[in-house]
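Working notes, structure below.
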Amino acid sequence: MSETLVIRSRRMVLPSGVTEAAAAVRDHRIELLTDYGAPIEADRSVDLGDLPLLPGLVDSHVHVNEPGRTEWEGFATATRAAAAGGVTTICDMPLNSLPPTVSVTALADKRAAAAGKCWVDVAFWGGAVPGNQDALRPLHQAGVTGFKCFLIDSGVTEFPPLDSAGLRSVLGELAALDALLIVHAEDAAEVKAASGRDYGSFLASRPPVAERRAIEKVIGAAAATGARAHIVHLSAAECVAMIAGAKAAGIRLTAETCPHYLYFAAEQVPDGATEFKCCPPIRDAINREALWRGLEAGVIDCVVSDHSPCPPELKVSGSGDFGAAWGGIASLQLSLSAVWTVARRRGRTLDDVVRWMATAPARLAGLTAKGALAVGYDADLVAFDPDQSYTVDPARLLHRHQVTPYAGRTLTGRVRQTWLGGTALLDPDIGAPDGEPGGRLLNRG
Ligand SMILES: [Zn+2]
C-alpha cells in the first residue's frame, strides 16, 4: 500500500487563489485538498506554516543539448538545476543536440540519452525543418509536445529555418493534427551582421522590426491554415498590440517572453559583456516596461527561461565580441526568483507568477497533469519563501556551466523545497537535489 504525504500551508497557491489548505498526496498525485486544520491520516506530514506552496513550474523552453553537445548542457545537470529552481517539468528543445529531434529515430535517441538521468520530468518538442514534413505526424503520435521552427538561421547548421512557403505548408499539416507550432520569429531580411564589443551595435543589428515582420508572417499563416502557433521569446514589445489583435480576431496565437527580457535592460549591459547575448536581444527599459504591461494584460501568456548555455569559451571569450559569442542565456535555476523580484515590486502576486510560469506553459505543451495545485494533478510542488533575498553566486549554480548575466545580482524569493510526485528532491542544507534521480519522460497529454 502506498504512503500518504500531507502538506499544510497557510498560503497555498490554488487555481482559485491563495488560501490556507492541506494537500494529501498519494501515488504521485494530489488526492485531496481540504482545510488547513483538517485531520487526515498520513504516513508523513509537513506543516509549512506561512511559507507559500506553489505548483512546480513548467519550463517549456529549455535547450538540454544532449546527446551530441552534452558538454554544453546535459539532462543530469539541467534537471538538477531545474529542481533547485522550483521547476518540476522541462520541455526540451529539438535543436542543439545531435541529432536534432526531427524524426522518430532522433526522438528515441533523445529519450535514451535522458533515461535515468533526470531529476524532474522531461517532455520533448519535435523540430520542423525543410524536408521533414513526413516526420511530423509520426513525431506527434510519438508524444512530442509540438514542433519548433526557425524563420532565421538557428545558430546550428543541422537545424535550418523554414521559408514562408515552408511555414505555410508545415502549419497546414499541423492544423490537420491540431498540433502546435512554436516559432523563433525574427526576419533575416531585417537583421544585419554584428561584430565588436559595443552592445548598442549588436542591439541595432537585430531591431524590433525583425520580430514584427516575422510575427506578421506567422499570423498570416496561422490565419490561413487555422493552425495553432506560438511565438517564443518575444522581446520587441511593439509586437504586443499585433499579437493582441490577432488573438481578438480568433487566430490561434500565443506568446511567451523570458526572465532576462523582464529583468534586464539594454542600458545595463556593459560593452563586451557577452553573457547577456541572446537573440532576439535584451532591449531598453521602455521596451521592458511595455513587455511587462503585455504580460499583465494577458497578451503574453507565459514566462519561460529559454535556458541555452554553452561552454564558457564559446560564450565569454577574451575579446567580448558580440558577433562571435554564442547567443543564449543560462537561467533555469534562477527564473522564478528573477521574475518574482520584479513582479512583487510591481504589486503582482504569486498567483500571477504561477499562471505565467506553471499553468500557461503546461497548457501550451499539452501537459494535462501539470501546472496547477489541484486534485488529480501530479504532486509537483514548491515551498517558496517570497521574502528571502540572496545574491547570485555562480558557484552555487547547478547548470553545467556557471556563466550567467545574473551573477552578483540580488534576487528576492528562494525555493526552500521541491517535490516531484510527492518526493522531496532537495537537501535543505545545500538546496540541491539529493538521492537518486526520479524524473519521468513524458508524452503530451
Ligand atoms: Zn531557445
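Considering every residue within the stretch 103-120, establish whether at least one is over 15 Å from Leu441 (Cα atoms) and either of a type in the set (Phe, Trp, Tyr) or surrounded by 24 or more Cβ atoms within 10 Å (Cβ to Cβ) (or both).
Checking the stretch 103-120: not a single residue is over 15 Å from Leu441 (Cα atoms) and either of a type in the set (Phe, Trp, Tyr) or surrounded by 24 or more Cβ atoms within 10 Å (Cβ to Cβ) (or both).
Residue by residue through the stretch 157-187, note down the ones that are within 25 Å of the chain's Cα centre (by Cα) and exposed (fewer than 15 other Cβ atoms within 10 Å of the Cβ). Spell out the reasoning first.
Step one: of the stretch 157-187, the residues within 25 Å of the chain's Cα centre (by Cα) are 157-162, 167, 170-171, 174-175, 177-187.
Selection gives Thr157, Asp178.
Test of understanding: among Gly327, Gly366, Gly323, Gly347, which residue is in contact (Cβ under 8 Å) with a residue 40 or more places away in the chain and on the phi > 0 side of the Ramachandran plot?
Working: Gly327 fails: on the phi > 0 side of the Ramachandran plot; Gly323 fails: on the phi > 0 side of the Ramachandran plot; Gly347 fails: in contact (Cβ under 8 Å) with a residue 40 or more places away in the chain.
The unique qualifying residue is Gly366.
Give the stretch 333-364 a look and list any residue that's within 16 Å of the ligand (Cβ to nearest atom) and touching a His at 6+ places or on another chain (Cβ under 7 Å), or say none.
Leu364
Can you tell me which residues in the stretch 216-235 are within 16 Å of the ligand (Cβ to nearest atom) and out of contact with any strand residue (DSSP E or B) (no Cβ under 6 Å at 6 or more places or on another chain)?
Correct list: His233, Ser235.
May I ask you to list the residues in the stretch 405-414 that are under 16 Å from Ala84 (Cβ atoms) and buried (at least 23 other Cβ atoms within 10 Å of the Cβ)?
Selection gives Tyr406, Gly413.
Restricting attention to the stretch 37-62, which residues are over 24 Å from the mean Cα position of the chain (by Cα), in contact (Cβ under 8 Å) with a residue 12 or more places away in the chain and more than 19 Å from Asp351 (Cα to Cα)? Can you show your working first?
Here is the first cut: in the stretch 37-62, the ones over 24 Å from the mean Cα position of the chain (by Cα) are 37-51.
Then keep just the ones that are in contact (Cβ under 8 Å) with a residue 12 or more places away in the chain; that gives 37-38, 40-51.
Passing the criteria: Gly37, Ala38, Ile40, Glu41, Ala42, Asp43, Arg44, Ser45, Val46, Asp47.
For the condition farther than 18 Å from Lys277 by Cβ and free of Cβ contacts under 8 Å to residues at least 40 places away in the same chain, what is the one hit in Gly226, Gly250?
Values: Gly226 fails: free of Cβ contacts under 8 Å to residues at least 40 places away in the same chain.
Exactly one residue qualifies, and that residue is Gly250.
Of all residues in the stretch 334-355, count the ones that are touching a Ser or Thr at 6+ places or on another chain (Cβ under 9 Å) and either surrounded by 22 or more Cβ atoms within 10 Å (Cβ to Cβ) or modelled with pLDDT under 95 (or both).
6
Contact list please: Cβ distance under 6 Å, first residue in the stretch 265-288 and surrounded by fewer than 18 Cβ atoms within 10 Å (Cβ to Cβ) and in a loop (DSSP other than H, G, I, E, B), second residue of a type in the set (Phe, Trp, Tyr) and modelled with pLDDT of 95 or more, pairs at least six apart or on different chains.
Once the first residue is surrounded by fewer than 18 Cβ atoms within 10 Å (Cβ to Cβ) and in a loop (DSSP other than H, G, I, E, B) and sits in the stretch 265-288, its partners that are of a type in the set (Phe, Trp, Tyr) and modelled with pLDDT of 95 or more give Asp271/Tyr199.
Output the strands (runs of 3 or more DSSP E) that fall wholly within the stretch 52-114 and possess 1 or more residues being within 28 Å of Ala338 (Cβ to Cβ) and either within 16 Å of the ligand (Cβ to nearest atom) or at pLDDT below 95 (or both), or say none.
On the way: elements: 53-55, 57-62, 87-92.
Per the criteria, 57-62, 87-92.
Taking only the stretch 35-48 into account, find how many residues are surrounded by 15 or more Cβ atoms within 10 Å (Cβ to Cβ) and outside any loop (DSSP other than H, G, I, E, B).
Residues flagged as surrounded by 15 or more Cβ atoms within 10 Å (Cβ to Cβ) and outside any loop (DSSP other than H, G, I, E, B) within the stretch 35-48 amount to 1.
May I ask you to verify whether Gly131 is within 27 Å of Trp340 (Cβ to Cβ) and more than 16 Å from the ligand (Cβ to nearest atom)? Before you say what the answer is, go through the steps one by one.
Values: within 27 Å of Trp340 (Cβ to Cβ): no; more than 16 Å from the ligand (Cβ to nearest atom): yes.
Here the answer is no, as Gly131 does not meet what is asked.
Within 24 Å of Leu314 (Cα to Cα) and touching a residue at least 40 places away in the same chain (Cβ under 8 Å) - does that describe any residue in the stretch 100-107? Reasoning before the result, please.
Taking the stretch 100-107 and keeping what is within 24 Å of Leu314 (Cα to Cα), we get 100-101.
Those left that are additionally touching a residue at least 40 places away in the same chain (Cβ under 8 Å): 100-101.
Taking every residue of the stretch 100-107 in turn, at least one turns out to be within 24 Å of Leu314 (Cα to Cα) and touching a residue at least 40 places away in the same chain (Cβ under 8 Å).
Could you list, in sequence order, all residues of the stretch 1-53 that are of a type in the set (Ser, Thr, Tyr) and more than 20 Å from Gly371 (Cβ to Cβ)? Walk me through how you get there before you give the answer.
Here is the first cut: in the stretch 1-53, the ones of a type in the set (Ser, Thr, Tyr) are 2, 4, 9, 16, 19, 34, 36, 45.
Within the stretch 1-53, Ser2, Thr4, Thr34, Tyr36, Ser45 qualify.
Taking the stretch 306-332 as the search range and keeping residues that are of a type in the set (D, E, K, R) and within 16 Å of the ligand (Cβ to nearest atom), which one is surrounded by the most Cβ atoms within 10 Å (Cβ to Cβ)? Talk me through it step by step, then tell me what you get.
The first filter runs over the stretch 306-332 and keeps only residues of a type in the set (D, E, K, R), leaving 306, 313, 315, 321.
Okay, now just the ones that are also within 16 Å of the ligand (Cβ to nearest atom), so 306, 315.
Working: Asp306: 27, Lys315: 21.
Among those residues, the one meeting the criterion is Asp306.
Suppose the filter is modelled with pLDDT under 95, more than 16 Å from the ligand (Cβ to nearest atom) and surrounded by 16 or more Cβ atoms within 10 Å (Cβ to Cβ); does Arg197 pass it? Walk me through how you get there before you give the answer.
On the way: modelled with pLDDT under 95: yes; more than 16 Å from the ligand (Cβ to nearest atom): yes; surrounded by 16 or more Cβ atoms within 10 Å (Cβ to Cβ): yes.
Here the answer is yes, as Arg197 does meet what is asked.
What's the number of the only condition in (1) among the β-branched types (Val, Ile, Thr); (2) surrounded by fewer than 19 Cβ atoms within 10 Å (Cβ to Cβ); (3) in contact with a helix residue (DSSP H, G or I) (Cβ under 7 Å, 6 or more places away or on another chain) that Val375 fails to meet?
(3)
The values are calculated or read from the model by the stated rules, or taken from the named source; none is laboratory data. Please read these numbers as outputs of a predicted model, since none were measured by experiment. So basically every Cβ, Gly included, is an ideal-geometry build from the backbone, and we count neighbours across all protein chains shown.
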